[in-house]
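Worksheet: one structure, shown below.
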């Protein structure tokens, strides 16, 4: 028995020495973390080294639950590979690789948010050597685009404490996104008295995060032009993403420190008849401020801080005062501007009418009251005759008579002018200024239009007479600036003369037109000659024309009589032929033509001549019948 105990002790010692000499070392290497988007597949590698062979390795995969416990999901040894039932990964994991390669890979498909846990890879040898590695899985979901909304109402600088500027929100991200507010490209940090950023986080039923941030700030006047926006940062596998919202601005209400009023239009000088637009503005922006405008202590209506004045006169000139009243504090500010309305009164011409004798001097003045410097000129028939406000005409003649226009212009305002007239009449005997050519040659029986112009004052009386003392009626007569224009139409019946006679209380004048009548004749050589017509020539020609007319009338009468006789003869022959054939009067063609015919059977035609009252009756055979047989 003692020997058996000794043998057992020897065997135990040998086994112990053997075990100490064969202890296996296992080293496991894994990444600290693995990242993936939700819905993707992710692979977790477990690399190890061991002195034992393939058949001596056991591989197990675990994950750490929220309570901190290890939950096995996979087992593998030399003889089997088993996926544990009843875990959240049962249907979505697979393991590739063996102990012989020194690496096994756990693949998880369709990653979910709850898969964000720590995974453990456990490698164990048959001789109690064990190694373990851990990897955390991070799951990511990109959020929706951020949205920013600013306050729609204005913010007063008089408010106590910070006022709400706007809100910024980003939804459905994982992990939680971060929001930063910016003003004019500068990030805003929380300051209890000036700036407050109030974030709120909502965990959706899907496990995603929605983040909202509200910005509150105490505003000052300078913030009226500021631009605000949000910057959102969130993580994705292997990177950090940044996105920005659009910009917003706010309406800042602040009181005025000065008020201005000015003429918006017209630019430059204002004249009577213009329309004026005055604008009234304070340099503040406060809804409680009311603007009003006064002129000569009279309140004038404003529309959108604009005053419109139509068809202004000089009475609209003066000082316009604009006042801003704060209905909350009852503080008033005012500003003013002076408006000048320039005017030009109608021109006054002294005298308006002037009557002088020839050789005398005429003096007239033209004046127009104006608020600006003026220039005066005198015009006659569109031409300038003087550049002074006084017009002097020396040694007056008929050429001096007429209408003079005085034009007064304002030098500084284009188109501002007025005018007056002076009517000058120069007394004197009539003077015929036309015609220039009094010798006229015209065709016989043509019409000649004669005219003459007469100067003189009082207005001359104009008459027309012929050389034989006949008075002609004028066809037209007009008067323009002391000159009479008279016209007459004359039919040329021979050589004749027509005179234009003008007279007034100072004398008379006349002009005679000598008219020579011509007749155009054509020679066999087709040349035309003109022959002067004398009174005897005119008489013989008249007689010849009368005789030709009389002969022509007689020839026509004779031709008519011959045609009538021929027609009657034809008619008689036709009737006789019908009578012989028995076509008329119920008789046959064998009747005796010598039988006495009754008066009813006779065809009688009455012929009367223009030269005799004797009536002739013709029978069928052309025999004369006495009148009693009718």
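Just so it is clear, none of the values below were taken in a lab; they were calculated from the coordinates. Computed from a prediction, not measured in an experiment: that's the story for all the values here. Here the Cβ positions follow ideal geometry from the backbone for every residue, glycine too, while neighbour counts run over all protein chains shown.
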Whole-number D in µm²/s for the stretch 346-489 (Stokes-Einstein; Kirkwood sum over Cα pairs; 25 °C, 0.890 mPa s):
137 µm²/s
Starting from the 7 Å offset along Cα-to-Cβ, what nm value, one decimal, do you get for the label separation of residue 136 and residue 419?
10.0 nm
For a footprinting-style exposure proxy, rank 72, 124, 85 by other Cβ within 10 Å, fewest first.
85, 72, 124
The stretch 299-343 residues near the modelled residue 264 label - backbone nitrogen below 18 Å, point 7 Å along Cα→Cβ:
300-312, 320-324, 335-339
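How much of the DSSP bridge set in the stretch 348-428 is antiparallel, in percent, rounded to the nearest 5? Don't skip to the end; give the middle numbers.
Details: 24 of 29 bridges.
Percentage antiparallel, nearest 5: 85.
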Two-site label geometry, residue 394 and residue 446: point separation in nm, points 7 Å out along Cα→Cβ
5.0 nm
If I model a spin label at residue 373 and residue 189 as a point 7 Å from the Cα along the Cα→Cβ vector, what separation in nanometres do I get?
6.9 nm
If you average the C-alpha positions of the stretch 261-283 and of the stretch 468-502 separately, how far apart do those two centres end up, in angstrom?
64 Å
So if R0 is 51 Å, what FRET efficiency would residue 79 and residue 206 give, r being the distance between their Cβ atoms, rounded to the nearest 0.05?
0.75
Counting only the backbone N, which residues of the stretch 432-475 are under 16 Å from the spot 7 Å out from the Cα of residue 508 toward its beta-carbon?
432, 460-472
Residue span residue 480 to residue 172: 0.36 nm per residue of separation minus Cα-Cα distance leaves a gain in nm of 101.0 nm
When you count, for each residue, the other Cβ atoms within 10 Å and take the mean per peptide, how do 402-408, 233-239 rank with the highest first?
402-408, 233-239
Contour minus Cα-Cα span, residue 571 to residue 559, at 0.36 nm per residue, comes to 2.4 nm
